[in-house]
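I have placed the structure first, in the form of structure tokens, so that the comments after it can refer back to it.
The values are calculated or read from the model by the stated rules, or taken from the named source; none is laboratory data. Computed from a predicted model, the values in this text were never measured in an experiment. Reconstructed Cβ throughout: ideal geometry from the backbone, glycine too, with neighbour counts over all protein chains shown.
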Amino acid sequence: MEDIILDCDPGHDDAIALILAIYSAKINLLGVTTSAGNQKHSQTLRNAMSLLTLMHQQSIPIASGNRTPLFRDLISGISVHGVTGLDGTDLPTPNFPSQSIPATELMAKIITKNPNKVTIVVTGPCTNLALFLAVHPELKGSIKRLIIFGGGMGVGNCDPTTEFNFKADPEAAKIVINAGIPLVLAPLNVGLEAQLFTEDRHAIHRIKNPVAQAVAGLTDFYGLSFDSHWNLEGLPLYDPCTIAWLIDPSQFSSKNCHVTVETKGELTAGESIIDYYQITHQKPNAEVLFHVNRDWFAKLIIDAVKSFSQK
Ligand code: BDR
Ligand code: CA
């Protein structure tokens, strides 16, 4: 059983990561923290609360994160995620309160109560985690591990070589990656392989429960942003790679690499520098995921969505 905190910015693929975390018997979701990313902080909080309401998971504590990245203005995720951050479906109005403490303090509370047991999963910009490490340096050694969706080796989705989560808050990503906490990094390379094919999306459309119907609408909207330039057979679901890896790491292939983040480049701020061939001779600080068993991944998502018929 993996105890986790999910730090997310829903976001279509964040939403599916959250659904996967609730579904899996291998994951124990102790708390959700939300970041400013795909939408502003108040909207990503609302979106996560709507999803928890939809899944009848109101007892999971949820707290809002910082309004902005550490030193920059928020960049917009509207072109991919729409004006609500979760366009494509109508989610229920949240029917429970969020925590009155900020994300950093909810993280601190959970880590203090469960030392060395909790994996922090980050599927948005790393702002909340960087702030947590600054405010609570004494708890750094009590985090079991981090798994982060972000960066890319030679690929980007914001600029030619930058990925959205790292581009949105490069300084935070750099702090977190270099913090010395056991780290698994899921970059765009693996995310681009984690695809739903058309037949998988049809299968989800055929499942008649409210979670499946929401996922069907969400994936239809999200699919609009991947035009022919992407040259992909299916629809890549980035953020769920993190939870999928926790569920069964044997379905992924990876390499230990030294990773850092460029923060100053005119064209490359937010680029992850993944030293695949150990050119710098620096000790690897991350297990970087490069490939995933696509058929297994798609079945996992479909099974997760189906499971809500019995709930
Ligand atoms: C990442 O950026 C966001 O748009 C997605 O939710 C994902 O976390 C992909 O680059
Ligand atoms: Ca995200």
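Odds and ends about this structure:
- Checking the stated criteria, LEU106 turns out to be away from ligand 1 (no atom under 16 Å from the Cβ), crowded, with 16+ Cβ neighbours inside 10 Å and either farther than 18 Å from LYS40 by Cα or touching a residue at least 12 places away in the same chain (Cβ under 8 Å) (or both).
- Residue count for segment 121-163, restricted to those that are within 15 Å of ligand 1 (Cβ to nearest atom), under 16 Å from PRO182 (Cα atoms) and not in a helix (DSSP H, G or I): 8
- Conditions (1) of a type in the set (D, E, K, R); (2) more than 16 Å from ligand 2 (Cβ to nearest atom); (3) at pLDDT 95 or above; (4) within 23 Å of CYS257 (Cβ to Cβ); number of the one not met by ASP169: (2)
- Contact map, segment 1-20: residues that are at pLDDT below 95 paired with residues that are assigned to a helix (DSSP H, G or I), Cβ distance under 7 Å, separation 6+ or inter-chain. No pairs are found.
- Any hit, segment 178-201, residues being within 13 Å of ligand 1 (Cβ to nearest atom), touching a helix residue (DSSP H, G or I) at 6+ places or on another chain (Cβ under 8 Å), within 19 Å of THR68 (Cα to Cα) and in contact (Cβ under 8 Å) with a residue 24 or more places away in the chain: no
- Total residues in segment 196-217 satisfying the condition of being buried (at least 19 other Cβ atoms within 10 Å of the Cβ) and closer than 13 Å to LYS299 by Cβ: the figure is 4.
- Failed condition for ASP275, given (1) touching a residue at least 24 places away in the same chain (Cβ under 8 Å); (2) surrounded by 14 or more Cβ atoms within 10 Å (Cβ to Cβ); (3) charged (D, E, K, R): (1)
- Enumeration of residues in segment 155-166 that are surrounded by 24 or more Cβ atoms within 10 Å (Cβ to Cβ) and either of a type in the set (S, T, N, Q) or away from ligand 2 (no atom under 15 Å from the Cβ) (or both): THR162, ASN165
- In segment 1-112, counting only helices (runs of 4 or more DSSP H) that sit wholly within it, the ones holding 3 or more residues that are farther than 19 Å from ASN157 by Cα and away from ligand 2 (no atom under 16 Å from the Cβ) span 41-54.
- Taken together, SER59, SER79 contain a single residue that is of a type outside the set (Lys, Arg) and over 25 Å from LYS306 (Cβ atoms), which is SER79.
- Residue that is nearest to GLY37 (Cα to Cα), among those in segment 164-181 that are part of a loop (DSSP other than H, G, I, E, B) and not polar (S, T, N, Q): ASP169
- Verdict on ASP14 being away from ligand 1 (no atom under 16 Å from the Cβ) and charged (D, E, K, R): no
- Residue in segment 62-72 that is more than 29 Å from THR263 (Cα to Cα) and buried (at least 19 other Cβ atoms within 10 Å of the Cβ) present: yes
- Just one residue in the set THR268, THR263, THR242 is among the β-branched types (Val, Ile, Thr), surrounded by 13 or more Cβ atoms within 10 Å (Cβ to Cβ) and out of contact with any helix residue (DSSP H, G or I) (no Cβ under 8 Å at 6 or more places or on another chain); that residue is THR268.
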